[in-house]
Structures are given as C-alpha cells and as structure tokens.
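Please read the structure below before turning to the comments.
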Amino acid sequence: MKVKKAVIPAAGLGTRMLPISKSVPKEMLAIVDKPAIQYLVEEAVNSGITDILIISNRGKESLENHFDYSPEYSESLRRAGREDDLIKLNAITEMANVSYIRQNNARGLGHAVSLARSFVGNEPFAVMYGDDIIFSKTPVTKQLTDIYEEFGLAVAGVRHVDAESISKYCSLKAEQVRENVYHCTDMIEKPTRDQVFTDLAILGRVVLTPEIFNILDKTPPGAKGEIQLTDAMAVLARTKGMKACVFEGERFDVGNKLSYIESNVYMGLRHPETKEGFKEYILKIAKELENDTSR
Ligand code: UTP
C-alpha cells in the first residue's frame, strides 16, 4: 500500500528557542525566505504524500495562515503585474490538502500523534517531526516510504550517532538487512550508558502503521513526564518488528539555536538570490576569524 498521508506534530512549546518561541512558533522560523514547516510540506509532496495533518496549538495560528490564500498579497501582486510571483504564492496553498488539529496541552510527541487517529484511518502514514529539516537528493520521507512499501512494516529514520550523544536520543536494537536498512526488534528512549542497544538513533522521520494508536492509548508518560512516541514504537518493534533506514541528507533541528543558524548558512549558500553575496560575506568573516586566532 502506498503512503499518502503525513502527520506533522508542531505543537511543542519549543522552550530551547525562547524567547522567540514565546511569540513565533519554531516551525515558522525562516530558513532564508521560507518557514521551516514549508520545507517539510514540500518534502512530503515530493514524496508522494497528498494529505497532511499539522498538529498545532494555541498561539500557532500563523501556521494555518501560511498555507491559506492571502487576498491582500494576491491583490497587491496582481496590481503590480507580478503574475509569476502570484502563481508561486498560491502554489503554497495548492500543493497538498493540509488540515489542522489542536493539541490543547503539550503532553508529548506520542500524545500529539495519537490525535491523528481519525485522519489516518486504516492506512500507513509518515510522521515528520515539525522542527527537523532535512535537505537531501531523494526526500527523506520518500527514502522511508520506499522501505515501507518493500517490507510492509513500520520504518524509523535513523542515523549513527556518537557514544556520548546516544543518551539524548532513542537507541535501536537492530540487525543489518542490507546497506542502510536494518530490522529493528526493540528501542529505548534516552538510555543510560548500560541500556544502549546500538549507536542507531531515531531522527526526525518515521513511517507508522495504524496499530500504533491502540498502543499509544496504553502508553504511560515516560521521559520528561511526556507520552513518548518511541515508547509506543518500542512495543510495535517488539511485537511486530520494524525496519530502520539510515537516511541520506543534511539534517537541521530548528528547535536548537546552533542548528537553526547552521540551516540558514546551508540554505543561504544555495539560494539563487543570496548564494553569491553570502559566500563573499562568509569568506570575509572566515578571514577575519583566522586573523583573530593567529594574533
Ligand atoms: P521536541 O521535544 O523537539 O519539541 O519535539 P519541544 O517540546 O517543543 O522542544 P523543547 O524541548 O521545549 O525545546 C519534536 C516535535 O514534536 C512536536 C514539536 O512541536 C516538535 O516539532 N511536539 C512535541 C508536539 O507536537 N507536541 C508535544 O507535546 C511535544
């Protein structure tokens, strides 16, 4: 079965990005000229997804406005004869069926995903973490849905991480099937040193099957007192098995200050309107820094 639906949880508080996240959702932070969440929706569409549910909350209305028509801008662009810009602006609204649901209390990623039950129905679906932006040749969601379509099992997007960092993530118990593909039979969120299974950590994207909803209903709060999606996925992995895909791409976490700045450097050096000027600026700064340290 093809994966046609995606859920984007974007209702977290984003406390690591305070104070900006007090008034601007981290998912709406700009990477050059697009909000982070637009890159996610484009990735979904380029992966064959047609229906997207964004989990939003109080204070994140700007997410909904961004994917809606804007009569003011349409009128202004039309009057200025900027038809091409108008077509580009409307394309944001027309690229997918985007709907919204509100999580009225940030009780964790697992709780956010559980709200997607009626949207998902009886189909497999992708979960794209709202603050994880991944630039890649083949969209990461497509890398995962291809594995789902091959094996018919839920798939976790993973990366090898170093021994010191694994305790910040979810470590997978997994055996290699072929290059970049693993079979996963268990996982543990934020493991202590002796609980670590492997250096494979889940990052940013998963494809799930609808069984996850009954499991989530029975999942108690875990790490940080939140209902963790990975605690429910661990049950799925132990009972049915899952696959894991070591994805290709440059990943940025816009919920983390340094990674957010890096995402702008990455895209600023590639965007047609900024790449030349920005490269010159970076080279100038690099030279100044070099002179600074040699002094
Ligand atoms: P994070 O754990 O990175 O988000 O969740 P957070 O809780 O907003 O971050 P900090 O620690 O306070 O800075 C990953 C994704 O899951 C969403 C977030 O919006 C983010 O996109 N999320 C998290 C929800 O939708 N609901 C929640 O209750 C928690």
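The values are calculated or read from the model by the stated rules, or taken from the named source; none is laboratory data. Since the model is a prediction, treat every value here as computed from it, not as a measurement. Glycine also receives a Cβ, built like all others from the backbone with ideal geometry; neighbour counts cover every protein chain displayed.
A few points about this structure:
- The one condition from (1) modelled with pLDDT under 95; (2) in contact with a Cys (Cβ under 6 Å, 6 or more places away or on another chain) that Ala237 does not meet is (1).
- Of all residues in the range 256-272, those being in a loop (DSSP other than H, G, I, E, B) and touching a Phe, Trp or Tyr at 6+ places or on another chain (Cβ under 9 Å) number 3.
- Here Arg159 fulfils each of the conditions (1) touching a Lys or Arg at 6+ places or on another chain (Cβ under 9 Å); (2) of a type outside the set (A, V, I, L, M); (3) without any contact (Cβ under 8 Å) to a residue 12 or more places away in the chain apart from (3).
- Selection within the range 71-116 - more than 10 Å from the ligand (Cβ to nearest atom), among the hydrophobic types (A, V, I, L, M, F, W, C) and either over 18 Å from the mean Cα position of the chain (by Cα) or over 16 Å from Val207 (Cα atoms) (or both): Leu77, Ala80, Leu86, Ile87, Leu89, Ala91, Ile92, Met95, Ala96, Val98, Ile101
- Residue within the range 36-46 that is outside any helix (DSSP H, G or I), touching a strand residue (DSSP E or B) at 6+ places or on another chain (Cβ under 8 Å) and either more than 13 Å from the ligand (Cβ to nearest atom) or at pLDDT 95 or above (or both) present: no
- Within the range 108-120, residues that are within 16 Å of Thr230 (Cβ to Cβ) reach partners that are away from the ligand (no atom under 14 Å from the Cβ) and among the charged types (D, E, K, R) with beta carbons closer than 8 Å, at six or more positions or on different chains, in the pairs Ser114/Asp217.
- None of Leu153, Leu144 is part of a loop (DSSP other than H, G, I, E, B) and modelled with pLDDT of 95 or more except Leu153.
- Of all residues in the range 117-128 being surrounded by fewer than 24 Cβ atoms within 10 Å (Cβ to Cβ) and either outside any helix (DSSP H, G or I) or among the hydroxyl-bearing types (Ser, Thr, Tyr) (or both), the one that is nearest to the ligand (Cβ to nearest atom): Ser118
- Residues within the range 69-105 that are touching a residue at least 40 places away in the same chain (Cβ under 8 Å) and touching a helix residue (DSSP H, G or I) at 6+ places or on another chain (Cβ under 8 Å), tallied: 8
To keep it simple, each residue is scored yes or no on (1) outside any strand (DSSP E or B); (2) surrounded by 16 or more Cβ atoms within 10 Å (Cβ to Cβ); (3) among the hydroxyl-bearing types (Ser, Thr, Tyr).
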position	(1), (2), (3)
Glu175	no, no, no
Tyr182	no, yes, yes
Thr185	no, yes, yes
Ala201	no, yes, no
Val206	no, yes, no
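- Within the range 214-251, tally of residues that are among the aliphatic types (A, V, I, L, M) and not in a helix (DSSP H, G or I): 4
- Test for Leu18: is it in contact (Cβ under 8 Å) with a residue 12 or more places away in the chain, within 12 Å of the ligand (Cβ to nearest atom) and either loosely packed, with under 13 Cβ neighbours inside 10 Å or not polar (S, T, N, Q) (or both): no
- Per this entry, Gly48 is counted among residues that are closer than 30 Å to Cys184 by Cα and touching a residue at least 24 places away in the same chain (Cβ under 8 Å).
- Among the residues making up the range 134-169, a single one is over 19 Å from Thr230 (Cβ atoms) and in contact with a Cys (Cβ under 8 Å, 6 or more places away or on another chain): Gln143.
- For Phe135, the test of being in contact (Cβ under 8 Å) with a residue 12 or more places away in the chain, in contact with a strand residue (DSSP E or B) (Cβ under 6 Å, 6 or more places away or on another chain) and away from the ligand (no atom under 16 Å from the Cβ) is passed.
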